[in-house]
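**Student:** Okay, handing you the structure first.
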Amino acid sequence: QVTCVEVVEAYIGRIREVNPLINAVVKDRFEEALQEARQVDELLAEGPGDDSLEEKFPFLGVPVTVKEAFSLHGMPNTSGLVNRRNVIATSDATVVSRLKQAGAIPLGVTNCSELCMWYESSNKVYGRTNNPYDLQRIVGGSSGGEGGVLAAACSVIGVGSDIGGSIRMPAFFNGVFGHKPTTGVVPNDGQFPIAQGAQTSFLCTGPMCRYAEDLEPMLRVMAGPGVHKLKLDEKVSLEKIKFLCMDHDGGSVFVSPVDKEILQAQKKVVEHLESDLGVQVQRVSIHKMKYSFQIWSAMMSSKDSDGQEAQLFTDLLGDHGKPVWPLWELVKWLVGMSSHTFPAIALGLTEKLVKLNPGGNAKLVSMGKSLQAEMETLLGPDGVLLYPSHPTVAPRHHSPLCMPFNFAYTAIFNVLGLPVTQCPLGLSSEGLPLGIQLVAASYNDHLTLAVARYLEEAFGGWVLPGK
């Protein structure tokens with residue numbers, strides 16, 4: 001009904017209209033995108049009328065945005081690090097290249113936190129990204145620009161990555177869908193920083209979008225040949241899913257209590273599942289979840305099976321340049337002279353402290369392994385756990401500094417390697433997005449994706465900001 005050029009022009013117009021407010025797209029490629037859209041229209045004008053085009057190019061002409069930490073040919077790839085500000089990608093990350101081969105048209109790259117290790121997307125290269133529902137609030141991180149750009153209807157689908165919740169927190173704060181796949185299926189290469197040591201099995205690349213039905217086709221394309229592991233062709237009967245529900249982590253001292261409205265939204269989901277599907281949602285209390293932050297932190301700094309150490313964050317901050325001394329950077333930051341953000345400096349300082357307690361770390365790593373076995377057994381081949389995406393709705397700018405460990409609600413599932421879909425559930429009384437995490441056992445991504453489609457229908461999914 002519309003030409004590809006019209007679609008791309010509409011999205012470019014929308015970005016020009018709202019990006020000055022939200023600062024989500026940090027570098028665009030509008031000229032190239034329009035050129036690619038013309039080629040799509042020419043292809044369709046001369047192409048055969050059968051289904052072969054649809055099979056070959058499932059995303060033909062669909063606008064996409066990409067987190068700036070991924071290489072997209074001709075676009076910057078700084079990850080918000082000042083001494084990388086002249087780095088321009090000369091190739092595409094594997095997932096970006098697969099989406100392009102499927103016909104998607106990249107509009108540009110979106111903001112992230114410095115080195116992708118904080119849940120507010122703000123850095124000294126591009127500045128701060130604002131939440132489309134309330135400009136005084138954060139978009140989350142590290143794929144925050146992506147969450148904001150999708151929520152503001154500036155893009156259809158987006159590419160994010162997640163080592164502690166970096167897809168799911170922005171998806172939650174911005175009321176869109178985000179999926180962290182089962183570990184090791186979607187390739188992570190072509191992003192900076194790239195995980196090393198044990199962290200390679202915690203980092204996941206995945207799809208973000210406004211509509212639940214787009215998650216699965218995106219995941220198919222991004223996973224490539226590895227997609228067969230995910231059982232996406234299996235028919236899901238929702239009545240046969242074993243639903244489990246956990247309201248909070250059991251009361252960790254490091255993490256805020258869960259907001260009343262988030263708990264209410266979760267309760268409504270439970271009630272709806274029980275009345276509509278006739279299932280019994282089982283309440284569970286998994287004791288070790290209370291130590292989510294400590295387990296994540298210990299496993300992130302542990303050695304992998306080959307004895308390789310995780311790369312130090314302070315080394316990444318230097319990025320092959322002069323070494324960075326966090327304490328000195330803190331002094332410089334206090335007088336406005338540091339080229340790093342405060343969260344990055346703080347992480348550099350705490351990293352040193354973690355190294356001081358190897359015995360405690362080993363205990364936590366083994367607790368993490370036993371929690372993983374417990375979760376796999378609990379969920380089994382047909383289980384889906386409902387769990388809060390975050391203890392609070394989108395916080396105000398800078399306030400994550402007061403509660404730096406709230407990301408534990410998402411982070412624990414990275415070290416457990418489980419697939420998780422973040423699903424929006426309408427808006428709070430303040431007009432901010434609510435949502436829930438849907439968690440399944442490894443390689444059961446098809447279950448959480450099916451439940452996300454069901455909940456979108458029941459609760460309305462994405463809501464246009466400012467309505």
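The values are calculated or read from the model by the stated rules, or taken from the named source; none is laboratory data. Predicted model, so just to flag it, every value in this text is computed and none were measured. Don't worry about glycine lacking a Cβ; one is built from the backbone with ideal geometry, like all the others, and counts go over all protein chains shown. Side chains are part of the model used for accessible areas, which takes the heavy atoms of the whole protein and leaves out ligands, DNA and RNA. Shrake-Rupley method; radii C 1.70, N 1.55, O 1.52, S 1.80 Å.
**Student:** On a full-extension model of 0.36 nm per residue, what is the gain between Lys56 and Gln39, subtracting their alpha-carbon distance, rounded to one decimal in nm?
**Tutor:** Using 0.36 nm per residue and subtracting the Cα-Cα distance, I get 4.6 nm.
**Student:** Relative contact order for the stretch 1-114: what is it in percent, counting Cα pairs under 8 Å that are at least 6 residues apart?
**Tutor:** Computed over the stretch 1-114, the figure is 33 percent.
**Student:** Between Leu238 and Lys363, what is the FRET efficiency for a Förster distance of 45 Å, r being their Cβ-Cβ separation, to the nearest 0.05?
**Tutor:** About 0.70, to the nearest 0.05.
**Student:** What number comes out for the charge environment of Ile138, summing +1 per Lys or Arg and -1 per Asp or Glu over other residues with Cβ under 10 Å away?
**Tutor:** Summing Lys and Arg as +1 and Asp and Glu as -1 gives +1.
**Student:** Another question, then. Starting from the 7 Å offset along Cα-to-Cβ, what nm value, one decimal, do you get for the label separation of Lys467 and Glu376?
**Tutor:** With each label placed 7 Å out from Cα toward Cβ, I get 4.1 nm.
**Student:** Give me the one-decimal nm value for the distance between modelled label points at Val253 and Ser91, 7 Å along each residue's Cα-to-Cβ direction.
**Tutor:** 4.9 nm
**Student:** Using the crude model of +1 on Lys and Arg Cβ and -1 on Asp and Glu Cβ, and no other charge, please compute the dipole size for the stretch 4-459 relative to its Cα centre, in debye to 20.
**Tutor:** In total the dipole reaches around 1660 debye.
**Student:** Which order do peptides 185-196, 52-63 fall in by mean Cβ count within 10 Å, highest first?
**Tutor:** 185-196, 52-63
**Student:** Here's a follow-up. Over all alpha-carbon pairs in the stretch 4-459, figure out the percentage whose distance exceeds 39 Å.
**Tutor:** Everything past 39 Å amounts to 16 percent.
**Student:** For the chain, with all protein chains present and a 1.4 Å probe, just round the carbon and sulfur fraction of the accessible area to a whole percent.
**Tutor:** Accessible surface attributable to carbon and sulfur in the chain totals 55 percent.
**Student:** Something else: Might you report the magnitude of the Cβ-based charge dipole of the stretch 208-275 about its Cα centre, with Lys and Arg at +1 and Asp and Glu at -1, to the nearest 20 debye?
**Tutor:** That gives a dipole near 200 debye.
**Student:** Note the full-extension length gain between Glu6 and Ile194 as 0.36 nm times their separation in residues minus their Cα-Cα distance, in nm to one decimal.
**Tutor:** 64.0 nm
**Student:** Follow-up question, since we're still on this one. Using each residue's phi in the stretch 190-195, evaluate 6.51 cos²θ - 1.76 cosθ + 1.60 at θ = phi - 60° and report the 3J(HN,Hα) Karplus result to the nearest Hz, with x for Gly and Pro.
**Tutor:** Those phi angles translate into x, 10, 10, x, 9, 5 Hz.
**Student:** For the chain, what is the accessible area per residue in Å² when the probe is 1.4 Å?
**Tutor:** Accessible area per residue, the chain: 41 Å².
**Student:** Moving on. Which is farthest toward the positive dipole end of the stretch 37-99 among Ala37, Asn83, Thr94, measuring Cα position about the Cα centre, with Cβ charges +1 (Lys, Arg) and -1 (Asp, Glu)?
**Tutor:** Value: Asn83.
**Student:** Shifting gears a bit: Which value, in Å² and to the nearest 10, is the accessible area of Glu430 when all protein chains are kept and the probe is 1.4 Å?
**Tutor:** It works out to around 120 Å².
**Student:** Please find the FRET efficiency linking Gln136 to Glu32, where r is the Cβ-Cβ separation and R0 is fixed at 51 Å, and quote it to the nearest 0.05.
**Tutor:** Result of the calculation: an efficiency of 0.90.
**Student:** Related question: Would you kindly find the accessible area of Arg85, with a 1.4 Å probe and non-protein molecules such as ligands, DNA and RNA excluded, rounding to the nearest 10 Å²?
**Tutor:** Surface open to solvent at Arg85 totals about 140 Å².
**Student:** I've got another one for you. Could you point to the residue in Cys4, Leu238, Ile295 farthest towards the positive end of the chain's charge dipole, with +1 and -1 charges on the Cβ of Lys/Arg and Asp/Glu respectively?
**Tutor:** Ile295
**Student:** In nm, to one decimal, how far is the Lys332 label point from the Asp306 one, both placed 7 Å along Cα→Cβ?
**Tutor:** The answer from the label model is 3.3 nm.
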